[in-house]
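Colleague: Here it is, the structure in full.
The values are calculated or read from the model by the stated rules, or taken from the named source; none is laboratory data. Bear in mind the structure is a predicted one, so any value in this text is a computation, not a measurement. Virtual Cβ from ideal backbone geometry, glycine too; neighbours counted across all protein chains shown. Note: accessible area is taken over every heavy atom of the protein model, side chains too, but ligands, DNA and RNA are not part of it. Shrake-Rupley method; radii C 1.70, N 1.55, O 1.52, S 1.80 Å.
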Amino acid sequence: MNRFLKRLLITLSFIALGLFLYSTFVENIFSTRLSPKDVVEFKLNDLKLRVFYNRPLKKGREVFGALVPYDKVWRTGANEATTFETNKSLKIGNDSLPAGIYTLWTVPNDTVWHVIFNKKQYPWGVDTEMKPMWDPNYDVLDLKVPVQKIPNTVEQFTISFDNSTDNLALTMAWDNTKIVVPLK
């Protein structure tokens, strides 16, 4: 029995050491992420909305038209694909979005953005060549929204829900740009 416990402890020690080394050198879980993960939620009565995304920083860079090119699909954040989840059907613009989980893609421009809800779940936002993993065959809704120029610079990409005027909206802001997606 004593021999069995020694072997078990040695085996568990090796497993723990392996997991520690993996998490330190491969996943690097002890370092600060350059674009931290965030989750925003909105709950009202029986409606529940949730967005998971990663928040890149401006860091003195020109953002839209440079870091994020105009007229090309953007993963709407960094790292993993941004996801939007609703437990109820929503009316967005003139279209309906059924309850479910979607990836959220955008096509920025200086005057208008395309906001795309896609039903396919992607493991990451871009492929090895840094091209969006987005597949348009899975698009459920594509909406155009005007760009608002804001006076204060938003350093870190921010997605939020705004219901301050009883008109629910999904907002995205970064640098001096903001868009508002009306939700009903």
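Colleague: For the stretch 135-160, enumerate the residues that are touching a Leu at 6+ places or on another chain (Cβ under 6 Å) and within 21 Å of ASN94 (Cβ to Cβ).
Modeller: LEU141
Colleague: Out of LYS120, LYS149, LYS144, LYS178, which single residue is more than 13 Å from the chain's Cα centre (by Cα), at pLDDT below 95 and not β-branched (Val, Ile, Thr)?
Modeller: LYS120
Colleague: Out of the residues in the stretch 110-131 that are under 14 Å from PHE52 (Cα atoms) and touching a residue at least 40 places away in the same chain (Cβ under 8 Å), which is surrounded by the most Cβ atoms within 10 Å (Cβ to Cβ)?
Modeller: GLY125
Colleague: Output the residue which, of all residues in the stretch 32-44 that are more than 16 Å from LEU183 (Cβ to Cβ) and open to solvent by 90 Å² or more (accessible area, probe 1.4 Å), is farthest from the chain's Cα centre (by Cα).
Modeller: THR32
Colleague: Same structure again: How about the stretch 45-96: which strands (runs of 3 or more DSSP E) wholly inside it have at least 3 residues that are in contact (Cβ under 8 Å) with a residue 12 or more places away in the chain and farther than 13 Å from LEU183 by Cβ?
Modeller: 47-54
Colleague: Go through (1) more than 17 Å from the chain's Cα centre (by Cα); (2) of a type in the set (Lys, Arg); (3) open to solvent by less than 50 Å² (accessible area, probe 1.4 Å) for ARG75 and report which single condition fails.
Modeller: (1)
Colleague: Filter the stretch 137-173 down to the residues that are closer than 11 Å to ILE116 by Cβ and open to solvent by 70 Å² or more (accessible area, probe 1.4 Å) and list them by number.
Modeller: Those that are closer than 11 Å to ILE116 by Cβ and open to solvent by 70 Å² or more (accessible area, probe 1.4 Å): TYR138, ASP142, LYS144.
Colleague: Please enumerate the residues belonging to the stretch 157-174 that are more than 14 Å from THR76 (Cβ to Cβ) and not hydrophobic (A, V, I, L, M, F, W, C).
Modeller: Scanning the stretch 157-174 gives ASP162, ASN163, SER164, THR165, ASP166, ASN167.
Colleague: Has the stretch 90-109 got any residue that is open to solvent by less than 20 Å² (accessible area, probe 1.4 Å) and over 20 Å from LEU170 (Cα atoms)?
Modeller: Within the stretch 90-109, none of the residues are open to solvent by less than 20 Å² (accessible area, probe 1.4 Å) and over 20 Å from LEU170 (Cα atoms).
Colleague: The conditions are (1) out of contact with any strand residue (DSSP E or B) (no Cβ under 6 Å at 6 or more places or on another chain); (2) assigned to a loop (DSSP other than H, G, I, E, B); (3) of a type outside the set (Phe, Trp, Tyr), and ASN152 fails exactly one of them. Which is it?
Modeller: (2)
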